[in-house]
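Data first, discussion second: the structure below is written as structure tokens.
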Amino acid sequence: MNKRTCMRSGLFVILAAAGCAGSVGQAGSTSPSSDHNPFKNVAYFINPEYVANVEATAKAHPDMADKIRKVAQYPTAMWLDSIASVKNLTGWLDEAKKQQDASGKPTLSVVIVYDLPNRDCSAEASAGELKVAQNGLQRYKSEFIDAITAEFKAHSSQPIVVVLEPDSLGNLATNMALPLCQEARPAYKEGVVYAIKSFALPNVSVYLDAAHSGWLGWDDNRAKIAKIFKQVLSEAGGPGMIRGFALNTSNYTHLSNRDGAVLEPTNPCPNELTYAKVLGKTLEMYGFKNHGYIIDTARNGKGNIRKAWGSWCNVHGAGLGERPRAEPEPGIDAYFWLKPPGESDGVSDPSQPRYDPMCGGPDASKGAPQAGKWFESYFLDLVRYANPPL
Ligand code: BGC
């Protein structure tokens, strides 16, 4: 999972300059109604597999067990990060249906769809299985998206939210200087368009990933991503095909403090709530109106933890953030734990495959397993530093 920023200092200047042009497009077109927030008036699916990780950790740490067990009461998203992982979706949605039947309340499952060819094109830690050069786009469509769509159709009585391909369009906005991203561009766009069209189902609401303020908050980067969103959505059938945008997925940027302003004073969006508002204004100029935002609050409870805003891997000192809930602020559909707190962002041992220097860097926690694997000591820190406290 890459969280590369388009910063104005150091290494990032070139990448930023390469990807930061953009002109304002035309307003217009249809949009989703603001009163159709899929997070409202529903229960949230609690994933027993996540609960099992939390419970095992609670057993191993009796001194913290009470606090740890509280984490298991909150929903987390389910990541579909490979073709093989789609088989888990059946079990998750079946279980969500059981929870729905037991409570008598529609039960929402939040699914992250994350397997584009050349995935994570500007980093190593979440490099995926599919390659553009090896028929990856075709396989993405037929073996991944079609299989997911079939499961969504088979569970048509349950509400589902999809967060589509974290980092992908953000990489197209700012990282075109990198060959792997350049090669990925047409495939990312076509894959995302295909997924949006496929997921146009009555029980499914789609949010496109819009990275976070420290990556796309600058004026020129917002214009760039808005242009890409507009192009992708016009190919997919218009802005009304999606419910909104997901912010801060797997990142650490605080909702409201001024850390960003200290780290990167030229960025007009020092935090995620400001980013949601300012990005919303930019997107209006490109024909997007009344779209909702999800903000990942799994790990952004504590501000001022990074030396560099661009640090994205198992950032040391992070705490759980706001608890998942609907409509916490006007215009925000939900705070949600998109990154299951306690799962690693990437391996910290340089001798391992998919090692990214960010995961061994000064802001990263040591002893980290591969991306997606349970990282117990990190989870304990998230619990300790939770804000609000557990
Ligand atoms: C990893 C996925 C994992 C997800 C959630 C991503 O960074 O690449 O494999 O499922 O994080 O932990």
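The values are calculated or read from the model by the stated rules, or taken from the named source; none is laboratory data. Quick caveat: nothing in here was measured; it's all calculated off a predicted structure. With ideal geometry, Cβ positions are generated from the backbone for all residues, glycine too; neighbour counts draw on all protein chains shown.
The residues listed here are Thr57, Thr90; of these, the one that is within 25 Å of Lys141 (Cβ to Cβ) and modelled with pLDDT of 95 or more is Thr90.
Checking the conditions here, which among Ala386, Ala371 is assigned to a loop (DSSP other than H, G, I, E, B), crowded, with 18+ Cβ neighbours inside 10 Å and within 14 Å of the ligand (Cβ to nearest atom)? Walk me through it before giving the result.
Working: Ala386 fails: within 14 Å of the ligand (Cβ to nearest atom).
That would be Ala371, the only listed residue that is assigned to a loop (DSSP other than H, G, I, E, B), crowded, with 18+ Cβ neighbours inside 10 Å and within 14 Å of the ligand (Cβ to nearest atom).
The condition of being over 19 Å from the mean Cα position of the chain (by Cα), assigned to a helix (DSSP H, G or I), farther than 23 Å from Asp333 by Cβ and of a type in the set (A, V, I, L, M, F, W, C) holds for only one of Leu172, Leu180, that being Leu180. Among the residues here, Ile83 does not qualify as part of a helix (DSSP H, G or I) and surrounded by 15 or more Cβ atoms within 10 Å (Cβ to Cβ). Tell me, which residue of region 124-156 that is in contact with a helix residue (DSSP H, G or I) (Cβ under 7 Å, 6 or more places away or on another chain) and not in a helix (DSSP H, G or I) is nearest to the ligand (Cβ to nearest atom)? The extreme case among them is Ala125. If only residues of region 86-123 that are within 15 Å of the ligand (Cβ to nearest atom) and part of a helix (DSSP H, G or I) are counted, the one that is nearest to Tyr188 (Cα to Cα) is Val86. Number of residues in region 100-123 that are touching an Asp or Glu at 6+ places or on another chain (Cβ under 6 Å) and surrounded by fewer than 18 Cβ atoms within 10 Å (Cβ to Cβ) equals 0. Residues in region 39-70 that are away from the ligand (no atom under 15 Å from the Cβ), in contact (Cβ under 8 Å) with a residue 60 or more places away in the chain and either buried (at least 17 other Cβ atoms within 10 Å of the Cβ) or over 22 Å from Pro159 (Cβ atoms) (or both): Phe39, Val42, Ala43, Tyr44, Phe45, Thr57, Ala60, His61, Met64, Lys67, Ile68, Lys70. Among residues of region 293-339 being assigned to a strand (DSSP E or B) and closer than 12 Å to Leu255 by Cβ, the one that is farthest from the ligand (Cβ to nearest atom) is Glu329.
In region 290-304, the residues that are under 22 Å from Val162 (Cβ atoms) reach residues that are among the acidic types (Asp, Glu) and in a strand (DSSP E or B) with C-beta atoms within less than 8 angstrom, at least six apart or across chains, in these pairs: Gly292/Asp333; Tyr293/Asp333; Ile294/Asp333. With respect to the stated conditions, Val315 fails to be over 18 Å from the mean Cα position of the chain (by Cα) and buried (at least 23 other Cβ atoms within 10 Å of the Cβ). Annotation note: of Ala150, Ala133, the sole residue that is surrounded by fewer than 24 Cβ atoms within 10 Å (Cβ to Cβ) and under 15 Å from Leu201 (Cα atoms) is Ala150. Scanning region 200-249 for residues that are among the β-branched types (Val, Ile, Thr) and more than 14 Å from the chain's Cα centre (by Cα) yields Val204, Ile225, Ile228, Val232, Ile242. Once region 263-301 is narrowed to residues that are modelled with pLDDT of 95 or more and of a type in the set (Gly, Ala, Ser), the residue that is nearest to Phe245 (Cα to Cα) is Gly292.
Residue check: is Ser351 away from the ligand (no atom under 16 Å from the Cβ) and polar (S, T, N, Q)?
Numbers: away from the ligand (no atom under 16 Å from the Cβ): yes; polar (S, T, N, Q): yes.
Yes; evaluated as a whole, the condition is true for this residue.
As for region 220-242, it holds at least one residue that is touching a Ser or Thr at 6+ places or on another chain (Cβ under 7 Å), at positive phi, modelled with pLDDT of 95 or more and of a type outside the set (Lys, Arg).
Filtering region 279-312 to residues that are of a type in the set (A, V, I, L, M) and crowded, with 19+ Cβ neighbours inside 10 Å leaves Leu279, Leu283, Ile294, Ile295, Ala298, Ile305, Ala308.
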